[in-house]
1. Would you confirm whether any residue within segment 27-34 is without any contact (Cβ under 8 Å) to a residue 60 or more places away in the chain and either surrounded by 14 or more Cβ atoms within 10 Å (Cβ to Cβ) or in contact with a strand residue (DSSP E or B) (Cβ under 6 Å, 6 or more places away or on another chain) (or both)?
2. Quick check on segment 77-90. Is at least one of its residues surrounded by fewer than 14 Cβ atoms within 10 Å (Cβ to Cβ) and either among the β-branched types (Val, Ile, Thr) or under 13 Å from the mean Cα position of the chain (by Cα) (or both)?
3. For segment 165-179, does any single residue satisfy the condition of being of a type outside the set (Lys, Arg), out of contact with any helix residue (DSSP H, G or I) (no Cβ under 9 Å at 6 or more places or on another chain) and in contact (Cβ under 8 Å) with a residue 40 or more places away in the chain?
4. Which of the residues that make up segment 174-215 are of a type in the set (Lys, Arg) and over 17 Å from the mean Cα position of the chain (by Cα)?
5. Could you please find all residues in segment 80-93 being touching a strand residue (DSSP E or B) at 6+ places or on another chain (Cβ under 9 Å) and over 19 Å from residue 31 (Cα atoms)?
6. From the residues in segment 99-116 that are over 22 Å from residue 186 (Cα atoms) and aliphatic (A, V, I, L, M), which one is surrounded by the most Cβ atoms within 10 Å (Cβ to Cβ)?
7. Hey, among 53, 101, which residue is out of contact with any Lys or Arg (no Cβ under 6 Å at 6 or more places or on another chain), in contact (Cβ under 8 Å) with a residue 40 or more places away in the chain and assigned to a helix (DSSP H, G or I)?
8. Just to be sure, is residue 58 part of a loop (DSSP other than H, G, I, E, B), of a type in the set (D, E, K, R) and without any contact (Cβ under 8 Å) to a residue 60 or more places away in the chain?
Amino acid sequence: MHKLFQGKDVTLSYMMDDVKVEALKNLSFEIDSGKFTCLAGASGSGKSTLLNLLGLIEPMQAGEIKYLGRSTAELNENELNRIRRFEIGFVFQSFHLIDVLTAEENVEYFLVRQGIVKESRKELVRSALEWVGLGDHVRKRPGQMSGGQRQRVAIARALAKQPRVILADEPTANLDSKTGADVLQLLLGLCSDRGCSVVMASHDPQAMKLADCLIRLRDGQMIEEK
């Protein structure tokens, strides 16, 4: 069976004003399917940059990343778009919800873009919102919800597309400790109950403790993997 992701000598840099920032330096790693993997490290360690590469958002500069055994460099734009739309779900620190839409409409929005017929969309939306515990809040807009509820909507939105992997970038950072722990349990449940892979960038000690695999980064390099 192929690994979900494999990276070899992944290197990425960018310019900030007149300073060259080396975000990732010759990074090699493996990420298993069906597991909860935590990319850990302080701000600036490279974990969000790596997450963007895994999500096919950031183009490769040097080195190689394989997705299910195939180098991402071999994928054309249509294949990249298909994987982003159908196989990868995204959860962000700042939720990225549309304020004028209800929870139900926020979850459904990307399913419309996938071309899923209305009857199937409604069932996927209902199931996802119920799974994250928001079955009674489907008509609320983000401004009427707590931070934890908004993050649950974001998880439901990613879950509704039935992805192979969910990439979560600091999803507990803006939440209090109890709400963050609840959100973390939801993400863990995606692996144990749904067989979905989760790759989470975080400096949350609880996430590091509960993860199946921990990849610890510092200054764009891996300092620990376990």
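The numbers here are math on the coordinates, done by the rules we state, and not lab data. If you're wondering where the values come from, they're calculated on a predicted model, not measured in any experiment. As a convention, Cβ positions derive from the backbone with ideal geometry for all residues, glycine included, and neighbour counts pool all protein chains shown.
1. Yes: segment 27-34 contains one or more residues that are without any contact (Cβ under 8 Å) to a residue 60 or more places away in the chain and either surrounded by 14 or more Cβ atoms within 10 Å (Cβ to Cβ) or in contact with a strand residue (DSSP E or B) (Cβ under 6 Å, 6 or more places away or on another chain) (or both).
2. no
3. No, segment 165-179 contains no residue that is of a type outside the set (Lys, Arg), out of contact with any helix residue (DSSP H, G or I) (no Cβ under 9 Å at 6 or more places or on another chain) and in contact (Cβ under 8 Å) with a residue 40 or more places away in the chain.
4. If the condition is that a residue be of a type in the set (Lys, Arg) and over 17 Å from the mean Cα position of the chain (by Cα), then 178, 209 are the ones that fit.
5. 92, 93
6. Within segment 99-116, the match that is surrounded by the most Cβ atoms within 10 Å (Cβ to Cβ) is 116.
7. So the residue among 53, 101 that is out of contact with any Lys or Arg (no Cβ under 6 Å at 6 or more places or on another chain), in contact (Cβ under 8 Å) with a residue 40 or more places away in the chain and assigned to a helix (DSSP H, G or I) is 53.
8. It is true that residue 58 is part of a loop (DSSP other than H, G, I, E, B), of a type in the set (D, E, K, R) and without any contact (Cβ under 8 Å) to a residue 60 or more places away in the chain.
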